[in-house]
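*Asks:* Here you go, one structure.
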Amino acid sequence: AGAGPAEDDDLPAGQPPGLEVTGGLHFDPTASVINSDEAWMTLIYGTLVRPNADGGFDPWLAESVEVVDPTSIAVTLRDGLTFSDGTPYVAEAVKAGILRNLNQAVSPAVQAGRHALFKDLADITSEAPLELTFVLNAPVAGEFISVLAGRESAVPSPKAIAEGKGTLLYAAYQTRLK
């Protein structure tokens, strides 16, 4: 027997000690650790903004996004949007979902794979049903808009999360199996 991972029967062959096996594709932003998850989450959930051909970002699920000052961003959501289960896509749901993504990562590997600026999110306030303000703890508001295009702003349905399903897609799939 040599030194290294082969001595530890709990590790897959060739995996260095100390690295966590995270499995494959994740549809829950709190469990996402690989870049390919982001493409799926964008298709399933959408994001507040999306990249444009000029290298900037255009509102997507947001109606507008405005840098108010170096530490805050005002977002107005599109009126009339719903999650696929019919739950309204409103400020409180988006706020709860993004703060869940920030504060409830299932492992340190999830935190390590996030956009580097996501850690600068201090809070999100909601002034009206379709209005959010992202409050940052560093003067990076202009750059932070790119976070709003990634899996960090992918928000599962609050109903699916409350039911412990994690995502509506998973909940719908489970329902078909029964």
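*Asks:* List the residue pairs whose Cβ atoms are under 7 Å apart, where the first residue sits in the range 74-98 and is closer than 12 Å to T125 by Cβ, the second is at pLDDT 95 or above and open to solvent by 50 Å² or more (accessible area, probe 1.4 Å), and the two are 6 or more positions apart or on different chains.
*Replies:* The qualifying pairs are A74/E66; A74/V68; A91/P129; A91/E131.
*Asks:* A follow-up question, please. Among the residues of the range 130-145 satisfying the criterion of being part of a strand (DSSP E or B) and open to solvent by less than 40 Å² (accessible area, probe 1.4 Å), which is nearest to T82 (Cα to Cα)?
*Replies:* Taking the candidates together, the pick is L132.
*Asks:* Next up: Working only within the range 98-108, note down all residues that are among the β-branched types (V, I, T) and assigned to a helix (DSSP H, G or I).
*Replies:* Selection gives I98 alone.
*Asks:* Just to be sure before I move on: is A112 farther than 17 Å from R50 by Cβ and buried (at least 17 other Cβ atoms within 10 Å of the Cβ) in the structure I sent?
*Replies:* no
*Asks:* Right, here's the next one. Out of all the residues in the range 146-155, is one or more crowded, with 16+ Cβ neighbours inside 10 Å and over 17 Å from N101 (Cα atoms)?
*Replies:* no
*Asks:* Tell me which residues, restricted to the range 103-132, are among the charged types (D, E, K, R), modelled with pLDDT of 90 or more and under 17 Å from G150 (Cα atoms).
*Replies:* Correct list: K119, D120.
The values are calculated or read from the model by the stated rules, or taken from the named source; none is laboratory data. Since the structure is predicted, the reported quantities are computational estimates derived from the model, not experimental observations. All Cβ positions, glycine included, derive from the backbone under ideal geometry; neighbour counts span all protein chains shown. Heavy atoms of the whole protein, side chains included, go into the accessibility calculation; ligands, DNA and RNA do not. Shrake-Rupley method; radii C 1.70, N 1.55, O 1.52, S 1.80 Å.
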